[in-house]
Amino acid sequence: MPQHWPAADIARMILDGFDDYREHFRQITVGARARFEQAQWQQIQSASAARINLYEEKVSEVSDWLHKAFDPEVLLDVAQWPLVKSAYIGLIDPRLDDELSETWYNSIFCSLFSHDLISDGCMFIHTTRPSLRSHERAAQTRTYHPQGSLSSVLAQVFDDYCFDVAYGDLQGDLARLEGQLRENLPDWVCKDPALAVELFSPVLYRNKGAYLVGRLYTQDEQWPLVIPLLHREGHGIEIDALITDEAEVSIIFSFTRSYFMVDVPVPADFVGFLKRILPGKHVAELYTSIGFYKHGKSEFYRALINHLANTDDRFIMAPGVRGMVMSVFTLPGFNTVFKIIKDRFSPSKSVDRATVIEKYRLVKSVDRVGRMADTQEFSDFRFPLSKFEPECLAELLEVAPSTVQVEGDTVLVRHCWTERRMTPLNLYLENANDAQVREALEDYGLAIKQLAAANIFPGDMLLKNFGVTRHGRVVFYDYDEICFLTEVNFRYIPPARYPEDEMSGEPWYSIGPHDVFPEEFPPFLFADSGQRRLFSQLHGELYDADYWKSLQEAIRGGKVIDVFPYRRKAREC
């Protein structure tokens, strides 16, 4: 070993790379306001994908810097990396984004070393950051006190939150918002002199919307507050709604949504603020919702290992129909499924392993419009053998021996994805009453339509590939056959040439690899004739090739179709 092993120099280069990443991340993020004001809808989608891809690009770049700057025998001497970690801790202690910098360090370490060398001595498996920060920080919220006058406080809010594009009908919007506020809250709250409105200072942007996020509170109670804004081209900015229901706000921050663009110099403070108004959300999901998906992954992993260490929970196979491509297992007490690719697929599946991986990674970068579950990709998970039910482990070893291996008292999972656990739609319908069936099928059709509006065709639309969330929303979660809607060739079944054609078990017409015949959907999707009839009443247009073609034309024409993550109240003309 060299006499002066360069731990501090390596730590500094890693942190310099993090600063470079953070600055590029910030530049993309702060551009969200101008993109919203200028109605640059397609650029918004491109910026969202670019920001997601930025992390891995910058990790690769810093890894190259390190390889060029240091002799391999020095850089790759893992025994010395506790010194790098110690030096790095000293560098990040004063920072306001220190928790993110730990995750960045872990990513650099994993880019240099085999996962077999991961340890808490060399990297941050457990955080070294205090749960309560002592930094002196500038306030990131604005607080308003109505003093009995809701109209004046709303006017003050929108005087503070102004844009380079004017509000189209501010007075009308304010009157409508005041009405919604009085409708949403008990009458005594609106009159309470202690009522306060607290809003996060930066505006959050996502897709075609901008959002003010905060809370309403008195001495004894609080309600979340989200106010979505829209830019109606040629008509100015419109205040679209006022939302105080925790379940609806939770859906806005759902794992099925694209990530917000919001400039947060102190991420932990904002996540703490969100956690106070959405106590049911895990911090991992909140970090992910504002674009820090890698740190969300770190928080998820820490929660998982803590759960395993402190409960008797054991892995079981996930309920539902066994997949033809993926095998899915779960922990009953941990609201997540773990998905691994089988070594051999069902003969009816034409995809290969590389294609499946490509499809799952695609989901990370497209607009999920509240209808596709976000995923996290992991390599080399190690779990205690004792944490698996024997039947579960036996099945995993049978269907995916190249991915799941037993090493002594440890189970190694070489590659998997994690997703939020949901109730498979087919199982939900089996136990649902008539009203629940109707509601679920209505939302199932909306899910398909909203995915199509985002240029996503699910491919395999069987009920078993959709789940029902705790809020009753239907979400797609099986991605091995997804593609862009504009890649599909929607066709009508041509008329039979002869009577014998219709009696034949084989089609009398040619079928290309991208051909889809919507007329065939009803018996394919529904074995239950009652459900089939009901769905035809609710969403019969999905069986018409022209419906799909019209969506394709709109998307090819550059239209970004509105999909709202909240319920919109009818407006008075």
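Take the alpha-carbon centre of segment 1-50, take the same for segment 237-271, and report the distance between them in whole Å.
Taking the Cα centre of each part, segment 1-50 and segment 237-271 sit 22 Å apart.
By a straight-distance test (C-alpha under 25 Å), which lysines pair with LYS364 as possible cross-link partners, with residues fewer than eight away in the same chain excluded?
Correct list for LYS364: LYS58, LYS208, LYS275, LYS281, LYS294, LYS297, LYS339, LYS342, LYS349, LYS449, LYS464, LYS559.
Are there trypsin sites (Lys or Arg not before Pro) in segment 297-327 that DSSP marks as loop and that have at most 15 other Cβ atoms within 10 Å, and which are they?
When the trypsin sites (Lys or Arg not before Pro) of segment 297-327 are filtered for loop state and at most 15 Cβ neighbours within 10 Å, ARG322 remain.
What is the sum of charges, Lys and Arg at +1 and Asp and Glu at -1, for the other residues whose Cβ falls under 12 Å from the Cβ of THR423?
Spelling it out: positives minus negatives among the neighbours equals +4.
Once phi is turned into ³J(HN,Hα) by the Karplus curve 6.51 cos²θ - 1.76 cosθ + 1.60 with θ = phi - 60°, what whole-Hz value does each residue of segment 241-246 show in order, with x for glycine and proline?
Working through the residues one at a time gives 6, 9, 10, 10, 7, 4 Hz.
Show the residues, 5+ positions off or on another chain, whose built amide H is closer than 5 Å to the amide H of THR141.
Here SER201 satisfy the definition.
Quick check for me: using +1 on Lys/Arg Cβ and -1 on Asp/Glu Cβ, what's the dipole size of segment 1-159 about its Cα centre, in debye to the nearest 20?
Here the size comes out at about 740 debye.
Using amide H atoms built in the peptide plane, which far-off residues or other-chain residues are under 5 Å from VAL516 H to H?
Residues meeting the criterion, in which the H sits 1.01 Å from N, are ASN489, PHE490, ARG491.
So if R0 is 41 Å, what FRET efficiency would ASP93 and ASP159 give, r being the distance between their Cβ atoms, rounded to the nearest 0.05?
It comes to 0.55.
Step through the residues of segment 40-57 one at a time and calculate ³J(HN,Hα) from phi using the Karplus curve (6.51 cos²θ - 1.76 cosθ + 1.60, θ = phi - 60°), rounding each to whole Hz and writing x for Gly and Pro.
8, 5, 5, 5, 4, 5, 5, 5, 4, 5, 4, 5, 5, 6, 4, 4, 5, 4
For segment 400-543, I need the span (max minus min coordinate) of the C-alpha atoms along each principal axis, in Å, sorted largest to smallest.
66, 39, 30
How long is the gain from TRP5 to LEU385 if the chain were fully straight, where each residue apart is worth 0.36 nm and the alpha carbon distance is subtracted?
That pair, TRP5 and LEU385, stretches by 133.0 nm at full extension.
Residue-wise, which Karplus ³J(HN,Hα) couplings in Hz belong to segment 470-482, taking 6.51 cos²θ - 1.76 cosθ + 1.60, θ = phi - 60°, and x for glycine or proline?
Taking θ as phi minus 60°, the curve returns 5, 8, x, 8, 8, 9, 7, 9, 10, 10, 6, 10, 5 Hz for segment 470-482.
Stretched out fully, how many nm does the piece from ARG497 to GLU221 gain, at 0.36 nm a residue minus the Cα gap?
Between ARG497 and GLU221, full extension yields 92.3 nm more.
Relative contact order for segment 326-436 using alpha-carbon pairs under 8 Å, separation at least 6, rounded to a whole percent?
Value for segment 326-436: 34 percent.
Taking the solvent-accessible surface of protein heavy atoms with a 1.4 Å probe, what is the per residue accessible area of the chain in Å²?
Spelled out: the 1.4 Å probe surface of the chain, per residue, equals 45 Å².
Given an 8 Å cut-off on Cα distances and at least 6 residues of separation, report the relative contact order of the chain as a percent.
11
Within segment 464-560, which trypsin sites (Lys or Arg not before Pro) sit in a loop by DSSP and count at most 10 neighbouring Cβ atoms inside 10 Å?
Hits after loop and neighbour filter: ARG497.
Over its Cα atoms, what ratio of radius of gyration to 2.2 N^0.38 Å does the chain give?
Ratio of Rg to 2.2 N^0.38 Å for the chain: 1.06.
If you filter segment 331-416 for chymotrypsin sites (Phe, Trp or Tyr not before Pro), then keep DSSP loop positions with at most 10 other Cβ within 10 Å, what is left?
Filter output for segment 331-416: empty list.
What's the longest piece of the chain with no exposed GluC sites (Glu not before Pro), counting a site as exposed if DSSP puts it in a loop and it has at most 15 other beta carbons within 10 Å?
Longest stretch, sites excluded: 234-571.
Rule-of-thumb check for segment 459-561: C-alpha Rg over 2.2 N^0.38 Å?
In units of the 2.2 N^0.38 Å rule of thumb, it is 1.24.
How big is D for segment 377-468, in µm² s⁻¹ as a whole number, if Stokes-Einstein is applied with the Kirkwood radius of its Cα pairs at 20 °C and 1.002 mPa s?
Diffusion coefficient, whole number: 133 µm²/s.
Considering Cα pairs under 8 angstrom that are at least six residues apart, work out the relative contact order of segment 347-505 and quote it in whole percent.
Relative CO of segment 347-505 lands at 26 percent.
The values are calculated or read from the model by the stated rules, or taken from the named source; none is laboratory data. The structure presented is a predicted model; accordingly, all values stated were derived computationally and were not measured. As a convention, Cβ positions derive from the backbone with ideal geometry for all residues, glycine included, and neighbour counts pool all protein chains shown. For accessibility, only protein heavy atoms count, side chains too; no ligands or nucleic acids. Shrake-Rupley method; radii C 1.70, N 1.55, O 1.52, S 1.80 Å.
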